[in-house]
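Down below is the structure, laid out as C-alpha cells.
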Amino acid sequence: MSNRGRLPLLLLAFALALAVKIAVYEGGQLSERTIEVGVVIQPPPGFRVLHPINKVEVRLQGKSSDVAILNPQNASVLVPIEASTPGAYPVTIRPENVRLPPGNFEVLSIEPSSLSLEIDREVSKIVSLEVQPVGEPAAGATVREIEVRPSEVEVVGPEKLLRNLDSLPVVVSVERRAFSFEERTVPEMPPLVRLANPIQVVVSVRLEEPQLNVDLDEVGGGGAEE
C-alpha cells in the first residue's frame, strides 16, 4: 500500500486516539504536574538493598481536579527486583510501577527511570556492646567502672556489612555527674543494620564521689582558748 493509501488509516487512528483521550478526560481541563514521590524497593525474600534510592520525580497529566490532589503521601513508585544471587542489577521504572490515587492520569516521564540496585543476603550475627562515656563528671568525681547488660546482642543486616562488624557503641553521658547511676538506652546502629529483637540495655556507671575537704579547726571555731 502506498503512503497516500495509508493516509486515511493514519488519520482515522489519530482521530480515534484523540476521541479516547477526550472521553477519558471529559468534564475537566487537562493539567500537568511534577511531583517527588517515595520509592518502595522490593528485593527478593532474604535480601536487602545496599544503596536504595528514596525518591524520584514523576511528571503526570490528568484532569485538573485529579492532579490537584496528588501529593507524596498518596503517590509512590513500587520497584520489584527479581534476582536470586547478590550483586548489582539494572532496573527500569515504568509507568505501571507508579502507584496513584483513583483518577485518570497519564505518566509522562520518570526521573531517573533507570537504576542500578545492589542487593545482598540478609544474615544475623552476635556482636558485643562497648560503652562510650562522654562528657566530664562533676569536679572531684572519677569514673571507676562501667558495666552494660546484656553485653552482647544479635543484629540483622546485609552480609557484606556484618562481615566486619564486631561491636556496637553504647553512648552514655557522665557530664557533671557526681554519684553512681544506671541508665537505660539503646545501641547506636549503622545504616541498614537492626537489632534482631528490639531491646533496651542497662548501663551501670560507678563513680568515685568527690571528697569534701573539711578544715577541722574552722569547724571547731579555731580550737579552745587557753
Restrict the check to segment 89-100 and report whether at least one residue is in a strand (DSSP E or B), basic (Lys, Arg), closer than 28 Å to residue 58 by Cβ and free of Cβ contacts under 8 Å to residues at least 60 places away in the same chain. yes
Return the residues of segment 163-176 that are in contact with a Gly (Cβ under 8 Å, 6 or more places away or on another chain) and either outside any loop (DSSP other than H, G, I, E, B) or surrounded by 12 or more Cβ atoms within 10 Å (Cβ to Cβ) (or both); say none if nothing qualifies. 165, 173, 174
Criterion first (assigned by TED's automatic domain parsing to the domain that holds residue 144, under 21 Å from residue 48 (Cα atoms) and not in a strand (DSSP E or B)) does residue 187 satisfy it? no
Could you grab me the full set of residues in segment 70-84 that are under 26 Å from residue 31 (Cα atoms) and either of a type in the set (D, E, K, R) or not in a loop (DSSP other than H, G, I, E, B) (or both)? 76, 77, 78
Does residue 13 fit the bill of being modelled with pLDDT under 60 and either surrounded by 10 or more Cβ atoms within 10 Å (Cβ to Cβ) or more than 33 Å from the chain's Cα centre (by Cα) (or both)? no
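The values are calculated or read from the model by the stated rules, or taken from the named source; none is laboratory data. Just so it is clear, the model here is predicted, and its values are computed rather than measured. Glycine also receives a Cβ, built like all others from the backbone with ideal geometry; neighbour counts cover every protein chain displayed.
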